[in-house]
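A.B. asks: Below are the structure tokens for one structure; questions will follow.
The values are calculated or read from the model by the stated rules, or taken from the named source; none is laboratory data. It should be emphasised that the depicted structure is a prediction, and the values quoted were computed from it without experimental measurement. Cβ: placed from backbone, ideal geometry, glycine included. Neighbour counts: every protein chain shown.
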Amino acid sequence: MYNQRLLPWLGQSTAEAIFLKKRPNVRWASGFRGADSYVLMTPNDGFLITDPRYTEQASIEAPDFALVNWRENGGSVMKAVAHILKEQKIHSLAFESDAMSFGEYSALQSETDAALVPTQDVVEKLRSIKTPQEIEYLRAACDIACRAFHRIVKDIRVGVTEKELAAKLSAYMVFEGADTQPYGNILVSGPNTSLLHGIPSDRAIQYGDFVLMDYGCQFNGYMSDMTRTVVVGKANDRQKEIYALEKQMVEDSLAAMKAGVTGGDIYAASVQAIQDTPYFPYHYGGIGHGIGLFVHEFPFIRKDAPYVYTENIVTTIEPGLYVPGWGGVRIEDQVIIRGDGYENLISVPHDLIEL
Ligand SMILES: [Mn+2]
């Protein structure tokens, strides 16, 4: 369905139309899920610009959009855009200033007399508030990831490598119903767990290791993101101490979440437990992000983030403690902001699991 949620923005903008090229924004506006696709929207019409590989898919997924095959309309995307502007008598066009390349911008400028109006985060801000349908897809993606967690913990044992476990975790999510598009899961162990975005390696799991799994899947293109850190064997005292602080940080952050708070408020809650401990320097300041058709999206939670949360924003919450050379612990949940609190889409408990 032609996305009505852009119309109020178009109504008050100086631009008469908007051009979108970021894939999640194209999908959100049109429903089309393929690559090489661009949307041009006016208050009355939607145009989906793509190439012949995708015309059948586009007619199914974006039936309300006029399909424009750029190969047969000027031979380049920007020539096709200029052609639409001329035909529709559009004199000003908004574009995503952080996505359009210099080459694309120059090409469009040379093809059209229309004013080009730079914008940022127009669709990202609209996309951050989820519809009931989007929430159902996100809920399904999170349920799949939680079911995969209960399967992967049975495979974690001494001698298995990070790569083997990462591959199995991805497969379990597909077996449980996820889309097949790959997603770069983080599954790291031992001293590698202090690397915030470590890459699974050939390291074999050893007794006493932390194993940190930060992973997710897509369901109908909507994404889940969660992290759990487990111990192989019995946790030692330092592991228990750091894990307990981390669990407190996540739970304090969750307790602060509701409509009306800012990202900065949530960050402040997250550091209460470590403020007066030697572990304060080991936390990382970015502790959550919006999530939907893209994994790290507006709004972001960090110190002094001014954005005020409203109902139906879906966000992750993931404070963590990372001691270089020793290891780290992260617990990450994905929640829906509600008027008086939040709903957690991740059902796996926060308690330390010793395997
Ligand atoms: Mn995350």
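A.B. asks: Here are some conditions: (1) surrounded by fewer than 14 Cβ atoms within 10 Å (Cβ to Cβ); (2) modelled with pLDDT of 95 or more; (3) not aromatic (Phe, Trp, Tyr). Ala35 meets all but one. Which one does it not meet?
C.D. replies: Answer for Ala35: the failing condition is (2).
A.B. asks: Of all residues in the range 105-138 being among the small types (Gly, Ala, Ser) and without any contact (Cβ under 8 Å) to a residue 12 or more places away in the chain, which is surrounded by the most Cβ atoms within 10 Å (Cβ to Cβ)?
C.D. replies: Going through the qualifying residues, I end up with Ser106.
A.B. asks: Within the set of pairs 6 or more residues apart or between chains, which connect a residue that is free of Cβ contacts under 8 Å to residues at least 24 places away in the same chain inside the range 288-299 to a residue that is among the basic types (Lys, Arg) with Cβ atoms less than 7 Å apart?
C.D. replies: Matching pairs, first to second residue: none at all.
A.B. asks: I'm checking my understanding of the structure. Among residues of the range 125-168 that are of a type in the set (Asp, Glu) and out of contact with any Gly (no Cβ under 8 Å at 6 or more places or on another chain), which one is nearest to Asn3 (Cα to Cα)?
C.D. replies: Only one residue tops the list, namely Glu136.
A.B. asks: Next question. Just the residues that are buried (at least 16 other Cβ atoms within 10 Å of the Cβ) and either among the aliphatic types (A, V, I, L, M) or in contact with a Phe, Trp or Tyr (Cβ under 6 Å, 6 or more places away or on another chain) (or both), please, taken from the range 52-64. Step through it out loud before you land on a result.
C.D. replies: Of all residues in the range 52-64, those buried (at least 16 other Cβ atoms within 10 Å of the Cβ) come to 54, 58, 61-62.
Those that are buried (at least 16 other Cβ atoms within 10 Å of the Cβ) and either among the aliphatic types (A, V, I, L, M) or in contact with a Phe, Trp or Tyr (Cβ under 6 Å, 6 or more places away or on another chain) (or both): Ala58, Glu61, Ala62.
A.B. asks: Mind listing whichever residues of the range 200-219 are in a loop (DSSP other than H, G, I, E, B) and within 16 Å of the ligand (Cβ to nearest atom)?
C.D. replies: Selection gives Gly216, Cys217.
A.B. asks: Okay, next question. Given the structure, is Asp351 at pLDDT 95 or above and either touching a Cys at 6+ places or on another chain (Cβ under 9 Å) or within 16 Å of the ligand (Cβ to nearest atom) (or both)?
C.D. replies: no
A.B. asks: Hey, could you check the range 1-49 for residues that are touching a residue at least 24 places away in the same chain (Cβ under 8 Å) and among the β-branched types (Val, Ile, Thr) and say which is farthest from Ile291 (Cα to Cα)?
C.D. replies: Filtering the range 1-49 for residues that are touching a residue at least 24 places away in the same chain (Cβ under 8 Å) and among the β-branched types (Val, Ile, Thr), the one farthest from Ile291 (Cα to Cα) comes out as Thr14.
A.B. asks: Let me ask something additional. It is to be established whether one or more residues within the range 230-245 are at pLDDT 95 or above and within 16 Å of the ligand (Cβ to nearest atom).
C.D. replies: Going residue by residue through the range 230-245, those that are at pLDDT 95 or above are 230-245.
After this cut, where a residue has to be within 16 Å of the ligand (Cβ to nearest atom) as well, the list is none.
Within the range 230-245 (the criterion being at pLDDT 95 or above and within 16 Å of the ligand (Cβ to nearest atom)), the answer is no, since none of the residues qualifies.
A.B. asks: Would you say Asp252 is in a strand (DSSP E or B) and acidic (Asp, Glu)?
C.D. replies: Numbers: in a strand (DSSP E or B): no; acidic (Asp, Glu): yes.
So Asp252 fails the test.
A.B. asks: Something else now. Across the range 220-249, what is the number of residues that are outside any helix (DSSP H, G or I), at negative phi and in contact (Cβ under 8 Å) with a residue 40 or more places away in the chain?
C.D. replies: Residues flagged as outside any helix (DSSP H, G or I), at negative phi and in contact (Cβ under 8 Å) with a residue 40 or more places away in the chain within the range 220-249 amount to 13.
A.B. asks: Right, next: Can you pull out every residue in the range 287-328 that is within 11 Å of the ligand (Cβ to nearest atom) and either closer than 19 Å to Val123 by Cβ or surrounded by fewer than 17 Cβ atoms within 10 Å (Cβ to Cβ) (or both)?
C.D. replies: Once the filter is applied, which keeps residues that are within 11 Å of the ligand (Cβ to nearest atom) and either closer than 19 Å to Val123 by Cβ or surrounded by fewer than 17 Cβ atoms within 10 Å (Cβ to Cβ) (or both), the range 287-328 yields His289, Gly290, Ile291, Val295, His296, Glu297, Phe300, Thr315.
A.B. asks: Please go through the range 232-243 and give me each residue that is over 11 Å from Asp209 (Cβ atoms) and surrounded by 13 or more Cβ atoms within 10 Å (Cβ to Cβ), ordered by number.
C.D. replies: Across the range 232-243, the qualifying residues are Lys240, Glu241, Ile242, Tyr243.
A.B. asks: Scan the range 278-285 and tell me whether some residue there is touching a residue at least 24 places away in the same chain (Cβ under 8 Å) and among the small types (Gly, Ala, Ser).
C.D. replies: no
A.B. asks: Does the range 207-215 contain any residue that is among the hydrophobic types (A, V, I, L, M, F, W, C) and farther than 19 Å from Thr316 by Cβ? Give the derivation first.
C.D. replies: At the first step, the residues of the range 207-215 found to be among the hydrophobic types (A, V, I, L, M, F, W, C) are 210-213.
With farther than 19 Å from Thr316 by Cβ added as a condition, the list becomes 210-211.
Among the residues of the range 207-215, at least one is among the hydrophobic types (A, V, I, L, M, F, W, C) and farther than 19 Å from Thr316 by Cβ, which makes the answer yes.
A.B. asks: Restricting attention to the range 287-310, report how many residues are among the charged types (D, E, K, R) and under 18 Å from the mean Cα position of the chain (by Cα).
C.D. replies: 2
A.B. asks: Look through Lys154, Lys163, Lys168 and report the one residue that is assigned to a loop (DSSP other than H, G, I, E, B), at pLDDT 95 or above and over 17 Å from Gly221 (Cα atoms).
C.D. replies: Going through Lys154, Lys163, Lys168 in turn, the sole match is Lys154.
A.B. asks: Would you point out the residue of the range 272-286, among those that are assigned to a loop (DSSP other than H, G, I, E, B) and within 16 Å of the ligand (Cβ to nearest atom), that is nearest to the chain's Cα centre (by Cα)?
C.D. replies: First pass over the range 272-286, keeping only residues assigned to a loop (DSSP other than H, G, I, E, B): 272-279, 284-286.
Within this subset, residues satisfying the condition of being within 16 Å of the ligand (Cβ to nearest atom) are 284-286.
Working: Tyr284: 18, Gly285: 18, Gly286: 14 Å.
Among them, the one singled out is Gly286.
A.B. asks: May I pose another question? Taking the stated definitions as given, is Tyr222 within 16 Å of the ligand (Cβ to nearest atom) and either of a type outside the set (Val, Ile, Thr) or within 25 Å of Tyr342 (Cβ to Cβ) (or both)?
C.D. replies: The answer is yes for Tyr222.
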